[in-house]
Each structure stands twice: as structure tokens, then as C-alpha cells.
Amino acid sequence: MDFQYVDKLNGKIVVKNIKNFEPYHVFDCGQCFRWTQESNGNYIGVAYGKVIEIEKKGEDLIIYNITEKEFKDIWVEYFDLYRDYDTVKEMLKKDEILKKSVEFGKGIRILKQEPFEITISFIISANNRIPMIKKEINRISEKFGKEIEYKGNKYYAFPTLEELSKASLEELESCGVGFRAKYIKDTVSKLYKKEFNLKEIKSLNDDECHKMLQKFSGVGPKVADCIMLFSMEKYSAFPVDVWVKRAMKYFYLAPDVSLVKIREFARNKFSELSGFAQQYLFFYARENKIDI
Ligand code: 8HG
């Protein structure tokens, strides 16, 4: 557990003595698309139909626009606060090569995000860049999701399955997602018609889950790994994108190994902690613009 106790004040929560939580590391390590840094350094994000604001002050984390009940019901889990990341990092740092990346991204935590939102978001992420992915998800939310007001500004929740089922192909295309519009439409329709159920997929073991997710259009091994890791608590997932491939080549492997081989190598090496290892590597490679 990475926090001591919680002080509740009017409309805000102070999480005392928080460990292993650096907002920049958590929100800019690639796992989420709906958090933005404000000019004062705080982060504002939309998740689970809520808007909250995060400030790190010394050893405390201040969360604004939140009730104690919401903190307990949603955010403790969302921020994975029950996990002791010192242990995760100690285990990973036994690998001398990984040490540098773990120390670089020491305040990373893997968020437990909402499976439907993450499935659609990572379909959008294929062959795309993070700033564009963020814009496209924002447009979809603006068009189909519920409006939420905070501090005089308008935010939009990611649409529910019901809400997104009403979107036409043309409307999706108008959000800038290009060829991925048909993948989104098809995935939403499979879920809406109950041909597939994300809760059931989440309950499968890691390998079955990885296989099942690839039955959706626009979901290959990499996107399936991201969905598993960022919304289904499957920590043996190891998504290999360009940055992770470069990091693996840079730190571990000879050049020109296939993505499948890199995934296999890493999963054998890091086992149940593969997903965490991947995030430290992704953050290190992207922040340092490793080019190999
Ligand atoms: O956190 C991520 N890990 C990996 N391995 N890939 C990611 C993450 N986040 C993210 O957006 N991607 C993918 O990398 C999506 C896109 O293909 C590319 C952007 O750098």
C-alpha cells in the first residue's frame, strides 16, 4: 500500500505520505490520453464519468472535485494505490539493465482504466501519434459523451457503449480517426449486440484474454496487450510498439528481431511484472528519444 491515510476537506481529499507517485510519470508515460497538465503544474483528467484535479505537494497528493466515497469507490483502485511499488521496482531492479529505466520513471503507476474506453482508445492508437490520439478521443467524447463542468470549463466523459452505438461511420470519421472508424463501429456493434463481453474477457487468463481481444477488428497483438495491461489488470502483458522495440534493442537485443520474439523474450524474462517493465522502458525510450 503506497499511502498512509486520507484527510477529507470540503470537496478535496489529501492523500498523506504518498509513495511512488509522480504526476508527470503517471500521466505522461503513455498509458492514458485524457489527462492534461495545467499552467500551475496540476493535472486535470476525465475518467469514470468524473473530472478531477491532482496536485502533488511535498509528500502529499491533493485531489480536487472529489468526495471521500468516490475516492474509496473509484480512485484508490484507479491509481492502484494498494500496490506497493517499492516491491515491484526492487524485483525489476535485480535486472541491472532495467535499473536505469526504473529509476528514470520511478513515479510511474499503472492505472486501472475502464475497459470499453481503453479498447476504443487503443484501436485509435494503432499507427498513430499520442498528441493525435488525444485529440481524436477528445472529439469523440465531445460529440457523444456527457458534458461535465469544472471551474467554468466544459469537459466530456468518454461515451458509454450505449452512447457510442448511435454513432454513424461518417460521424466517427468526422472525429479524425480515419480508417479506424470502421474498426470502432464494428467493435462497438459486437459489444452492443452482446456477441462479446469485456467483463468476461477480463475474467479470462492472460493468454486467453490476449487471444480473445484480437477477435475485435483493429486489435492485433500490440493493441490487445495495451487493453489487457491498462484496463484488465493483466500484468504479464508486454505491448511492443516502436519505442519499446527500440528500448529492447538498445538495452538487450541484437538488431532486427521480430515483435513476436521481443514479446516472448520479455515475457520470459519479466514474467508477471512484464507490463510494469514495459512501462518504464516505454517512458525512458520516448522521453530520451532513443533512436536505434
Ligand atoms: O504505454 C504504451 N506502451 C506501448 N508499448 N505503446 C504505447 C503506449 N501508449 C501508446 O500510445 N502506445 C502506442 O505507441 C500507441 C502508438 O502506436 C504509439 C505512440 O508512440
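Per-structure values
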item: Region 64-207 - percent relative contact order, Cα under 8 Å, separation 6 or more; result: 16
item: Whole-angstrom gap from region 6-40 to region 160-210, using each part's C-alpha centre; result: 29
item: Percent accessible area from carbon and sulfur atoms, region 76-170, protein chains only, probe 1.4 Å; result: 51
item: Estimated [θ] at 222 nm from DSSP helical runs (n ≥ 4, -39500 (n - 2.57)) normalised by residues in the chain, nearest 500; result: -13000 deg cm²/dmol
item: Built amide H within the under 5 Å cut-off of residue 47, gap 5+; result: 52
item: Low-density loop positions, trypsin sites (Lys or Arg not before Pro), region 204-268 - DSSP coil, at most 14 other Cβ in 10 Å; result: 215
item: Per-pair calculated FRET efficiency, R0 = 22 Å: residue 193 and residue 73 via Cβ, rounded to 0.05; result: 0.15
item: Tensor-based shape of region 177-235 (alpha-carbon gyration tensor, a/c under 1.5 rounded, otherwise prolate or oblate); result: oblate
item: Rounded if a/c under 1.5, otherwise prolate or oblate - the chain, Cα gyration tensor axes; result: oblate
item: Average accessible area per residue (Å²) across the chain - probe 1.4 Å, nucleic acids and ligands excluded; result: 47
item: Nearest-0.05 FRET efficiency for residue 260 and residue 171, computed from C-beta distance (R0 45 Å); result: 0.80
item: For residue 150, distant residues with modelled amide H under 5 Å away; result: 155
item: With every protein chain in place, region 223-288: carbon and sulfur % of accessible area (1.4 Å); result: 49
item: Where GluC sites (Glu not before Pro) fall in DSSP loop in region 1-109, at most 13 other Cβ within 10 Å; result: 38, 59
item: Neighbour count of at most 12 Cβ within 10 Å plus DSSP loop: longest chymotrypsin sites (Phe, Trp or Tyr not before Pro)-free window in the chain; result: 180-292
item: For region 157-292, size of Cβ-based charge dipole, Lys and Arg +1, Asp and Glu -1, in debye; result: 260
item: 23 Å Cα-Cα reach of residue 69 towards lysines, excluding residues that sit fewer than 8 places from it in its own chain; result: 8, 12, 16, 19, 50, 56, 57, 112, 146, 151
item: GluC sites (Glu not before Pro) within region 194-292, DSSP loop, no more than 12 other Cβ atoms inside 10 Å; result: 195
item: R0 of 35 Å, Cβ-Cβ distance residue 253-residue 10: FRET efficiency to nearest 0.05; result: 0.05
item: Rounded, prolate or oblate (a/c below 1.5 giving rounded, otherwise prolate when a/b exceeds b/c) for region 42-138 by Cα gyration tensor; result: oblate
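The values are calculated or read from the model by the stated rules, or taken from the named source; none is laboratory data. All values derive from a computational prediction rather than experimental measurement. Every residue, glycine as well, gets a Cβ built from its backbone with ideal geometry; the counts of neighbours run over all protein chains shown. Note: areas computed on protein heavy atoms with side chains; ligands, DNA, RNA excluded. Shrake-Rupley method; radii C 1.70, N 1.55, O 1.52, S 1.80 Å.
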